[in-house]
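*Asks:* Below is one structure. I have some questions about it.
Quick note: the coordinates plus some simple rules give every number you see, no bench work behind them. Worth saying up front: this structure is predicted, and the values here are computed from it rather than measured. Counting neighbours? That spans all protein chains shown, and the Cβs are built from the backbone with ideal geometry, glycine included.
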Amino acid sequence: MRLRRVVLVILAYVVVLLFLHDAVDPGNAFINRLTPFVSGIPFLWFFAFTYTVLIALAVAALYVDEVRGGEG
Amino acid sequence: MSEYVAIAIIVGWLALTAGVGALMSYRYRKAGAEAWFVAGRKYGILILWLSLGANIYSAYTFLGLPGYTVKYGAKVLAILLYGQLSYIFAFLITPKLWEVAKERGYVTISDFFEDRYGSKALGALTAVIGAIFSAVYIVLQIKGIGIILDAAAYGMLDPLTAKVIAFALVAAFTVVGGMMSVAMINALQGAIMLVAIWGIGALVPIMHYGSWGGAFQALATARPELLTLSEEGALLSATILLASSLGFWMWPNRIHGVFVAKDSRTVRKNAVALSIFQISQIPIIMAGVTAAAMFYSGKLSLPDSDYALMNVVKATFPPWVVGILGAGAVAAAISTAAALLHSSGSLVARNAFQRVFRPESGEKALVAVARAVTAVIAVIALYIALTSPEIIVSLLLTGYAGVTQFFPGVVLGLWWKKANKKAVLAGLIVGTLVAAATRMNAVIPNPLPIGPSQIVLVKDFMGIYGGFWGLIFNFPIAVIGSLIAGREKKRRRRKR
């Protein structure tokens, strides 16, 4: 369980590292860019919207796991 | 004539809220301390979810986010993401905090600081810091109520009178009914907020540009630079993400809201459910993108960026829809104001007044003092909101950076036995001062007898968020100080 929690925190903070990476090397930005558009949505915005939903799913998965008494 | 429908819906909603508030206030007019402060710790997931959602998502969600999108574009994504990251900490920290609170009888976050570290000073200091920043937040809600009523009532309702009446009602129910009133009013408010956000916000771009993508294409044509971050923006966003997601659950009203839960499993469920509220910021941001696209192509007029959502909805839907959105937005402002009023009154009465000045006072006296303090804070907040609301925005930003400094004390206190009160207190003081100094963009007179006559405080020094600067100092001071204190203690024991 503890291992899964640590993995979740690390995964969540990948987004912080990506923003830092983009600030250090703006010419080679990974998420801070307009293209490619996904269903007409700029890449940066699509990334942020998707990540918001993914984190909600990850927290929900952690809860389900805890209810089932999973050990990590 | 149809404009009256919008006002009727808003006034009707306020009357319903007032009715529930009055009923709960009557039922709990003689409430004991446990009921007034934490509603007897008896609420299940539905009431907890709606009431805490309404508590957290305020006028800032309805007015601030779309306004911020119009002004700063992609920077708004940092706000969306840090809120969602914070639910990981809600899942990890708040159940543990609830368990300790239940066992030890805590009703405020300052109770934790006082009891865990055995320091009345730490309890009183966190209470005062929390109450000051909460009061600032209340002022913003009152200002928000004025903007919403001004925009949604088509100029047929005097916003000044309306906001004074609306706020006076909230204050009265909070003072009399305590947490029972706040939780029930907020559960109602949370429901209408979700209806307004998903039913209206998500449709705005589709009505104007055919799809969400269409709104982005329109903004990309008018102001493409708003759709990505500048170099400094990326660094600021990263540090806001890190610090604010840690500080999100340090607001006293939010922790206070968690304490009303019936058990720790409900608190865990709530962390999952609240992330749905956070996803609800996406349609509001999309309404902001639409407002920005229309504004920068000359299709929408905005007296101020805070009017973005209300004006774009007025340009899209008939007045009855504007009325529902107005009711949802007023609900957001009122529910947060009620929770903030309640928590700031509780903090000052319990952790500053009772613990420091009247430790012998009983339960009845404590509730009476809490009611009086809440009323006084309400009057002060209303006075500031009516006289000088413009200073508030910068104070609030400082406030967020400030409450983030509670994080090391809470986490170390919960999981590290060696955490020492003096080290945590020193870290908190230094962290708060550093956060304040790096948040404000101002030139102030030098209070010291040496050095230059003026000091320049730089906002987001080196492009890094003030709350993050505070933590850089706060955490090491708390940890290293605790380790040194532990070694000293051991050495003294050996000597004996």
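*Asks:* What is the ratio of the Cα radius of gyration of segment B:127-227 to 2.2 N^0.38 Å, where N is its residue count, to two decimals?
*Replies:* After normalising by residue count via 2.2 N^0.38 Å, the value is 1.47.
*Asks:* Can you tell me the FRET efficiency between B:Ile206 and B:Lys102 if r is taken as the Cβ-Cβ distance and R0 is 51 Å, rounded to the nearest 0.05?
*Replies:* After rounding, the FRET efficiency stands at 0.65.
*Asks:* Okay, moving on. So how far, in whole Å, is the C-alpha centre of chain A from the one of segment B:197-240?
*Replies:* If we compute the Cα centre of each part, the gap is 19 Å.
*Asks:* If a/c stays under 1.5 just call it rounded; otherwise compare a/b with b/c (prolate if a/b is bigger, oblate if not). Do that for segment A:2-67, with a ≥ b ≥ c from the square roots of the Cα gyration tensor eigenvalues. Kindly include the intermediate steps, with their values, before the conclusion.
*Replies:* Values: a/c = 5.20, a/b = 1.71, b/c = 3.05.
It comes out oblate by the Cα gyration axes.
*Asks:* Percent of Cα-Cα pairs per 10 Å bin, from 0 to the last occupied bin, for the protein assembly as shown, please list those.
*Replies:* All Cα pairs, binned at 10 Å, distribute as 4, 17, 28, 28, 16, 5, 1, 0, 0 percent.
*Asks:* Assuming R0 = 30 Å, what is the FRET efficiency of B:Arg492 and B:Ala365, from their Cβ-Cβ distance, to the nearest 0.05?
*Replies:* Details: r = 40 Å, r/R0 = 1.35.
The pair B:Arg492/B:Ala365 has a calculated efficiency of 0.15.
*Asks:* Of B:Ile284, B:Ile255, B:Ser237, whose Cα points farthest to the positive end of the dipole of segment B:230-292 (charges on the beta-carbon: +1 Lys, Arg; -1 Asp, Glu; origin at the Cα centre)?
*Replies:* B:Ile255
*Asks:* Rounded to the nearest 0.05, what FRET efficiency do B:Glu225 and B:Val195 give with R0 = 30 Å and r taken as the Cβ-Cβ distance? Could you check?
*Replies:* Using R0 = 30 Å, I get an efficiency of 0.30.
*Asks:* While we're on this one: Measure off 7 Å from each Cα along the Cα-to-Cβ vector at B:Tyr154 and B:Arg265, then give the distance between these two points in nanometres to one decimal.
*Replies:* 5.2
*Asks:* Pairs B:Lys102/B:Lys422; B:Lys421/B:Lys489; B:Lys42/B:Lys96; B:Lys96/B:Lys418: which exceed 20 Å Cα-Cα?
*Replies:* Long pairs (Cα-Cα over 20 Å): B:Lys102/B:Lys422.
*Asks:* How many angstrom lie between the Cα centre of segment B:85-114 and the Cα centre of segment B:271-302?
*Replies:* That distance is 32 Å.
*Asks:* Which of the lysines could be linked to B:Lys314 by a straight reach, that is with a Cα gap under 24 Å, when you skip same-chain ones fewer than 8 residues away?
*Replies:* B:Lys71, B:Lys143, B:Lys163, B:Lys299
*Asks:* If you don't mind, another one. Multiply the residue gap between B:Ala485 and B:Arg27 by 0.36 nm, knock off their C-alpha separation, and tell me the result in nm, one decimal place. List each step's numbers first, then the result.
*Replies:* Values: separation 458, 0.36 × 458 = 164.88 nm, distance 5.01 nm.
Full extension from B:Ala485 to B:Arg27 adds 159.9 nm.
*Asks:* Mind giving me the nanometre distance, one decimal, between the label points for B:Val5 and B:Leu433, set 7 Å out from Cα along Cα→Cβ?
*Replies:* Placing both labels 7 Å along Cα→Cβ, they lie 6.0 nm apart.
*Asks:* Still on this model: Can you compute the modelled spin-label distance between A:Asp25 and A:Ser39, with each label point 7 Å from Cα toward Cβ, in nm?
*Replies:* 3.1
*Asks:* Let me spell out the model: positive unit charges on the Cβ of Lys and Arg, negative unit charges on the Cβ of Asp and Glu, origin at the Cα centre of the protein assembly as shown. What dipole size does that give, in debye rounded to 20?
*Replies:* That gives a dipole near 2800 debye.
*Asks:* Which lysines does B:Lys75 reach when only Cα atoms under 22 Å apart count, and residues fewer than 8 places away in its own chain are ignored?
*Replies:* B:Lys459
*Asks:* Counting Lys and Arg as +1 and Asp and Glu as -1, each charge on the Cβ, what is the dipole of segment A:2-67 about the Cα centre in debye, to the nearest 20?
*Replies:* Computed charge dipole of segment A:2-67: roughly 100 debye.
*Asks:* Could you pull out every whole DSSP H run in chain A that spans at least 18 Å of Cα extent along its own axis and averages 0.0 or higher on the Kyte-Doolittle scale?
*Replies:* Length and hydropathy pass: A:43-67.
*Asks:* While we're here: If you take the Cα Rg of chain B and divide it by 2.2 N^0.38 Å, with N the number of residues, what do you get?
*Replies:* Normalised by 2.2 N^0.38 Å, the Cα Rg of chain B equals 0.98.
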